[in-house]
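Inspection log for the structure reproduced underneath, given as structure tokens.
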Amino acid sequence: MSARGLEEFLGPFHRETTCRVIDWVKEEVKHRIGNTGTEARKRSLLNTLHYLFESQNHGLAQETLGSVETLSFSGMTLTPIDCAVLSHVIGFCDTIKHLDLENCHIQCEGIQRLGPGLHKCQKLRLCYNKLGDSGVKLVSESLRNPQCKIQKLWLWEVGLTDSGAEDLASALSTNPSVTELDLSHNELGDSGVKLVSAALRNPECKIQTLRLWCVGLTDSGAEDLVSALSTNPSLMELDLVFNSLTDRSVPALRRLILTHPRLERIWLGENRFSRTGETELRSLQEPRPGLRVDCEHPRPRDGDILADSPHSPLTPSPL
């Protein structure tokens, strides 16, 4: 552990003292890493990670963090400095699978500090942060990393607009790792969805689950989306809840439902279909055993993962 700064004021440290401090830091991290059920515990873990960062002892960091699989700081405010510490920490995590930073008040500067480590995570949750188009562009850079391992990317309500969708779509079009993408509650509109649709046409894009809950999609944009999805054999689940689709979209959706080889579930609730349109869409399940077409109530958002989340998908974001 680096002690030179302190030795200038306190004199040389005995080796035994240094070893005891190292052991204390290791035990603190190991104890707190799996004990983040409350905000206070999350803050305690983050403070301990700051100690580890300040030590500049790479061997200690590797030994302590090498087997960490999950880091969750959802619901607490992270400063740009906190984000820099987390990026440093992730660099030593050989097995990191899930990074949950939902509702951490992260903005563009924070995501810039996090950037170097994001590509290592298999599941990346950045929902309810004010990233904006510029922040999502930084996330897109992680998707372009040849060593990108991101499989599930959640960007629910991050301030993405159609202006920023082009860069994200470009990164997704050649990214073979992402299989689940959530862009819900962003102001994409038809133009933004059209850009995302272009990415889905690329054979390298392997998205199986696409969530576009409340993105301002209309009948015009649905035609582009369905056309793109029809050429994407990976798609298994499609979520279009809380948009502005009407019976004019039924023929396009019919084509998708009846011809797509792997589609298993499609959510269409809270749109503007007539009762006749909903009945017609539900009837499409009959020739496709195992397919579920839901035109009624919105489904839980990742209920298996977010069972303890303070945010309900049916209520506005606290931000």
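Numbers below:
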item: For q = 0.12, 0.18 Å⁻¹, Debye-computed log10 I/I(0) when each Cα of the stretch 176-272 counts as one equal scatterer; result: -0.31, -0.74
item: Estimated Rh, the stretch 33-155: Kirkwood, alpha-carbon pairs, angstrom; result: 14.3 Å
item: Cα-Cα over 22 Å, subset of K120/K206; K42/K149; K149/K194; result: K42/K149; K149/K194
item: Whole-Hz ³J(HN,Hα) from phi, Karplus 6.51 cos²θ - 1.76 cosθ + 1.60, for the stretch 279-284, glycine and proline x; result: 4, 5, 5, 5, 5, 6
item: Heavy atoms of S274: accessible area, 1.4 Å probe, square angstrom to 10; result: 40 Å²
item: For C93, distant residues with modelled amide H under 5 Å away; result: none
item: Exposure ranking of T48, T95 by accessible area [1.4 Å probe, largest first]; result: T95, T48
item: The stretch 56-109 - percent of accessible surface contributed by carbon and sulfur, probe 1.4 Å; result: 50 percent
item: Förster-model FRET efficiency, 35 Å R0, T276 and S134, C-beta, rounded to 0.05; result: 0.20
item: Residues whose placed amide H lies under 5 Å from that of S72, excluding near-sequence neighbours; result: D100
item: The stretch 36-106: Cα Rg divided by the 2.2 N^0.38 Å rule of thumb; result: 1.03
item: Over the stretch 133-238 - Rg/Rh using Cα atoms and the Kirkwood inverse-distance radius; result: 0.92
item: Chymotrypsin sites (Phe, Trp or Tyr not before Pro) restricted to DSSP loop in the stretch 81-172 with at most 10 other C-beta within 10 Å; result: none
item: Simple spin-label estimate for Q122 and D23 in nanometres, 7 Å along Cα-Cβ; result: 3.4 nm
item: Pairwise label distance in nanometres, E204 with K97, each label 7 Å out on the Cα-Cβ vector; result: 2.8 nm
item: Extended-chain gain in nm, criterion 0.36 nm per residue less alpha-carbon gap, S234 and T259; result: 7.7 nm
item: Computed lengthening from A40 to I81, 0.36 nm per intervening residue step minus Cα-Cα distance; result: 12.9 nm
item: Projected-area average for the stretch 101-165 over all orientations - Cα convex hull basis, square nanometres; result: 3.7 nm²
item: Net length gained if the chain between E187 and E54 were fully extended (0.36 nm per residue, minus Cα distance); result: 43.9 nm
item: Estimated vicinal HN-Hα couplings, Hz - the stretch 181-194 in sequence order (Karplus 6.51, -1.76, 1.60; Gly, Pro = x); result: 9, 10, 10, 4, 6, 10, 8, 7, x, 4, 5, x, 5, 4
item: Phi to ³J(HN,Hα) by Karplus 6.51 cos²θ - 1.76 cosθ + 1.60 over the stretch 100-108, Hz, x for Gly, Pro; result: 10, 10, 5, 6, 9, 6, 7, 10, 4
item: Where N is the number of residues in the stretch 164-209, Cα Rg divided by 2.2 N^0.38 Å; result: 1.05
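The values are calculated or read from the model by the stated rules, or taken from the named source; none is laboratory data. Quick caveat, the model's predicted, so the values are computed rather than measured. With ideal geometry, Cβ positions are generated from the backbone for all residues, glycine too; neighbour counts draw on all protein chains shown. To get the accessible areas, we keep the full protein, side chains included, count just its heavy atoms, and leave off ligands, DNA and RNA. Shrake-Rupley method; radii C 1.70, N 1.55, O 1.52, S 1.80 Å.
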